[in-house]
Amino acid sequence: MLDNPSIVIKDLSVSYTNESQLAIEKVSLEIPSSKLVGILGPNGAGKSTLIKAIVGILKPNEGLINIVDNNYTIAYIPQKENIDWHFPISVMEVALMGTYKTKGYFGRLNQIDKKNATKYLAQVGMDAYKYRKISDLSGGQQQRVFIARALLQEPDIFLLDEPFSGVDMKTQALIIDILQKLASNGKTVIIVHHDLQTVNKYFDWVVMINKQVITSAPTKVAFIEENIQKTYYTFQN
Ligand code: ADP
Ligand code: MG
């Protein structure tokens, strides 16, 4: 039990309507704020399903998700494969989508929004690319723009689904640095992560899942050989 969890999940099971199998089963977790939290597990483990259930895109079959502060706001960056990269839209426009949530889609964007968008694009080193098409950028640059958009939302909770796949190490370091500062300021930051080499370096806390929770604990305690074996090399059904 955590003193001050930011998200409490109890016995959460989720399935897809066209599937009889559960994608995640009886997941119980407490997610801390003020820490960089990594979610680890093999392909098909239910990492994206868990994130989508927290965002509210997927409805639980059973169980509860309690976001402790009910005035929370969430910024969610989906897994890359689920983004339409050919949409003809500029970097600035992508960043400004970060304001739609508070203003509504038809709210007028004002100079302040544009100034803020520029500020956050500068923070991720992308202000010089404002008028480029998002489709013309590298994977790392695209991910920086999505981070800027999330920052512009100024949310309490960041949910990032594999933000580092196909992203260069320099960009990863820059993004981790920004997220670490947000966590230090009390935000909740949850990152689905693929690369086991960088787990110790990036995360304060890890959740390891394979349909069910294997462990949720500080990285030093959780990310040990025994749990890696259980998570990646044990078949769950
Ligand atoms: P991960 O993100 O850990 O790779 P997912 O959450 O995407 O895993 O998937 C968990 C399980 O749910 C997998 O067995 C996957 O095939 C299934 N699944 C994911 N998305 C869908 C969907 N839209 N329809 C049916 N099954 C799905
Ligand atoms: Mg996934």
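Filter the stretch 58-77 down to residues that are within 16 Å of ligand 2 (Cβ to nearest atom) and either out of contact with any Lys or Arg (no Cβ under 9 Å at 6 or more places or on another chain) or not in a loop (DSSP other than H, G, I, E, B) (or both), then give me how many there are. Adding up the residues that qualify gives 2. Flag: TYR202 does not match the condition of being under 30 Å from ASN66 (Cβ atoms), in contact with a Pro (Cβ under 6 Å, 6 or more places away or on another chain), touching a residue at least 60 places away in the same chain (Cβ under 8 Å) and not small (Gly, Ala, Ser). Residue under question is LYS80, and the condition is that it be away from ligand 2 (no atom under 13 Å from the Cβ) and within 21 Å of ILE190 (Cα to Cα); does it hold? Here the answer is no, as LYS80 does not meet what is asked. In the stretch 184-197, the residues that are closer than 17 Å to ALA150 by Cα never reach a residue that is open to solvent by 60 Å² or more (accessible area, probe 1.4 Å) and within 16 Å of ligand 2 (Cβ to nearest atom) with C-beta atoms less than 8 angstrom apart, at least six apart or across chains.
Meeting the requirement of 1 or more residues that are touching a Gly at 6+ places or on another chain (Cβ under 7 Å), the strands (runs of 3 or more DSSP E) wholly within the stretch 141-216 are 188-192, 205-210.
Table: residues versus (1) within 16 Å of ligand 2 (Cβ to nearest atom); (2) closer than 28 Å to MET126 by Cα; (3) in contact (Cβ under 8 Å) with a residue 60 or more places away in the chain.
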{"site": "VAL27", "(1), (2), (3)": "yes, no, yes"}
{"site": "LEU50", "(1), (2), (3)": "yes, no, yes"}
{"site": "GLY56", "(1), (2), (3)": "no, no, no"}
{"site": "PHE87", "(1), (2), (3)": "no, yes, no"}
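From the residues in the stretch 45-79 that are among the charged types (D, E, K, R) and under 21 Å from LEU151 (Cα atoms), which one is least open to solvent (accessible area, probe 1.4 Å)? Per the criteria, the residue is LYS52. A search for C-beta distances below 7 Å between a residue of the stretch 29-48 that is more than 16 Å from ligand 1 (Cβ to nearest atom) and any residue that is among the basic types (Lys, Arg), counting only pairs 6+ apart in sequence or on different chains, returns SER33/LYS187.
The values are calculated or read from the model by the stated rules, or taken from the named source; none is laboratory data. What you are looking at is a predicted structure, and each value in this text was computed from that prediction instead of being measured. Heads up, the Cβs are rebuilt from the backbone with ideal geometry, glycines too, and the neighbour counts pull from every protein chain shown. Surface areas here come from the heavy atoms of the whole protein model, side chains and all, with no ligands, DNA or RNA. Shrake-Rupley method; radii C 1.70, N 1.55, O 1.52, S 1.80 Å.
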